[in-house]
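Contents: one structure, followed by commentary.
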Amino acid sequence: MKNRTRLLTLMAVFIAIGTIGSQLLWFPAGVARAYPVQHAINVIAAIILGPGPAVIIALMISLLRNLLGLGTIVAFPGAMIGAFVAGVLYKKTQRYSMAAFGEIIGTGIIGSFFAVPIANLLMGSSVGALAFIPPFIVSSVSGALIGWLLVSRLPARQFSLTK
């Protein structure tokens, strides 16, 4: 019960940081805006909590940003796929750099392709994946680097939920 409370509390903190931080730190990237805080949180959550909780955190940040009018619907596939791939690659390799790489591939490449039908159906946009890849890559690379730098500077024992 104690670990579940710690897990939920940590997830809530990541969701809050990701939602608020996305409005504090962003920059234009082609046809979209780059939100590196979302991607940094994805990497950190994937390393500390694993792929499942990281995907839930990404979903909740995307949902809150959309409900508050601070994001677009295409944030969902990129964030969630990036968090999942980052978590799986970290789980398999135990290397922070692979979590960052997973975030970049998951969001920047795979998420871009999943954003196309969503943009077409729900936003009335008929752009191809090539319109999403550059801004998704810019955003995910900058955020993944921030996340990787943060976790690589902390002692590994900080990541244990069993204290």
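The numbers here are math on the coordinates, done by the rules we state, and not lab data. All values reported here derive from a predicted model rather than from experimental measurement. Here Cβ is always computed from backbone atoms with ideal geometry, including for glycine, and neighbour counts include all displayed protein chains.
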Under a Cβ-only charge scheme (Lys and Arg +1, Asp and Glu -1), can you give me the dipole magnitude of the chain about the Cα centre, in debye to the nearest 20?
660 debye
Taking 7 Å along the Cα-to-C-beta vector as the label spot, tell me the R95-N120 distance in nanometres, rounded to one decimal.
3.6 nm
Segment 1-64: relative contact order as a whole-number percent, Cα under 8 Å and 6+ apart:
34 percent
Working out 0.36 nm times the residue gap between L130 and R33, then minus their Cα-Cα distance, what length gain in nm do you get to one decimal?
33.4 nm
Would you mind calculating the gained length between R6 and L70 on full extension (0.36 nm times residue separation, minus the Cα-Cα distance), in nm to one decimal?
20.2 nm
